[in-house]
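The values are calculated or read from the model by the stated rules, or taken from the named source; none is laboratory data. All figures in this text were calculated on a predicted structure; none of them were measured in a lab. As a convention, Cβ positions derive from the backbone with ideal geometry for all residues, glycine included, and neighbour counts pool all protein chains shown.
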Amino acid sequence: MDKFWRWVTNEAEEKTVRTLHMEGYIAESSWFDDDITPKQFKTELYGDGQTSDDIVVKLHSPGGDCFAAAQIYNMLKEYPGHISVHVDGLAASAASVIAMAGDEVCVSPLSVLMIHNPAMFISGEVSDLQAGINLLSEVKESIINAYEVKTGLSRTKISNMMNAETWMSAHKAIELKFADRILYESESADEPVDGFIFDKLTVTNALINKLPGIRAKIPQITAPKATKETQQGGQKATEIPVDQLEKRLELIKNWG
C-alpha cells in the first residue's frame, strides 16, 4: 500500500514514544483509495486502542489535498497524548495546516514553512465558476482558523500572507508564532536572530528595482533574433529597449 505516513515505535524510553513520519504529497489520490482512508489513519493513530503515548510527527511535505489535511489536523488535535510536530524540511500548503495541530511545533534550522490560498480546477458556465469561487473562499476561511488558533495573528494579516504566498524561515516562523522552538539550538540565545520571509513576487520586484541602475550602465539589451542572416548561419542580434523589458516584468508581476 502506498501511504504517505509510517510509524516507528521507541519502547526503550521511560515512556513509549511513537514517531509518525509524514512525507511526500498528502493524499491527492491515495487518501480516497479503498485501502487508504481516514478511518485507517485513525486506527493507526490510536494503535491497539485508546492510547496516550506521546507522538512525534516528523513532517516533510509540499502539501496536497486540503480536506485530507483537515481530517488529519482534527485527529491529531483530538488525540489524548502529547503531540510534538517536527518540521524536518518543508511544511507547505496543506502540510502547514497539519503542523498547526501539534501541542508543540518545532522547526529544523533548515526548514521552511509556506502558506498560500487554496486552489482548484474549475470548468463550466458562469454559475459553476461562481460556485467554485465561493467554495475556495469558504475553504480559505477554514484554513485561516487553524493558523489563527496557533499564532494569534489577526485574520486580515493571515489572509494577506496567504494572498502573497508567504515563505518563512525557521526563525521567522518562530517570530510569527507558527512554530514554538528551533531544534538543535540551545534553550537561550545571546541575541535574537532575524529570519527571512518572502513571497513569490519578491524576486521579480527586486529585478524591477534594479532596472534604473542597469539602464545607466547598459543603454540597451540585446537578444538573438531569427533573421535571414541567422538562417544562413550568420549571427545577428536585435536590440530590446530596457523600457520594454520593464513592461514585460510588470506583466509578470501583475499576472502573479
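Mind listing whichever residues of region 122-138 are in a helix (DSSP H, G or I) and either farther than 17 Å from ALA94 by Cα or within 16 Å of the chain's Cα centre (by Cα) (or both)? Please lay out each step first, then the result.
Our first condition is that a residue be in a helix (DSSP H, G or I); within region 122-138, this holds for 126-138.
Of everything in region 122-138, those that are in a helix (DSSP H, G or I) and either farther than 17 Å from ALA94 by Cα or within 16 Å of the chain's Cα centre (by Cα) (or both) turn out to be VAL126, SER127, ASP128, LEU129, GLN130, ALA131, GLY132, ILE133, ASN134.
Residue-by-condition table, conditions (1) among the basic types (Lys, Arg); (2) outside the structural domain of ASP53 (by TED's automatic domain parsing); (3) under 30 Å from ILE133 (Cβ atoms):
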residue: LYS77; (1), (2), (3): yes, no, yes
residue: PRO80; (1), (2), (3): no, no, no
residue: ASP88; (1), (2), (3): no, no, no
residue: ALA92; (1), (2), (3): no, no, yes
residue: ALA95; (1), (2), (3): no, no, yes
residue: ALA99; (1), (2), (3): no, no, yes
residue: LEU110; (1), (2), (3): no, no, no
residue: LEU113; (1), (2), (3): no, no, yes
Could you count how many residues in region 73-89 are modelled with pLDDT under 95 and of a type in the set (A, V, I, L, M)? 3
Condition test on SER52, is it part of a loop (DSSP other than H, G, I, E, B) and out of contact with any helix residue (DSSP H, G or I) (no Cβ under 8 Å at 6 or more places or on another chain)? yes
Check ALA119, ALA146 and return the single one that is more than 17 Å from ALA170 (Cβ to Cβ), hydrophobic (A, V, I, L, M, F, W, C) and part of a helix (DSSP H, G or I). ALA146
Checking PHE32 against (1) modelled with pLDDT of 90 or more; (2) more than 17 Å from VAL139 (Cα to Cα): exactly one of these is not met. Which one? (1)
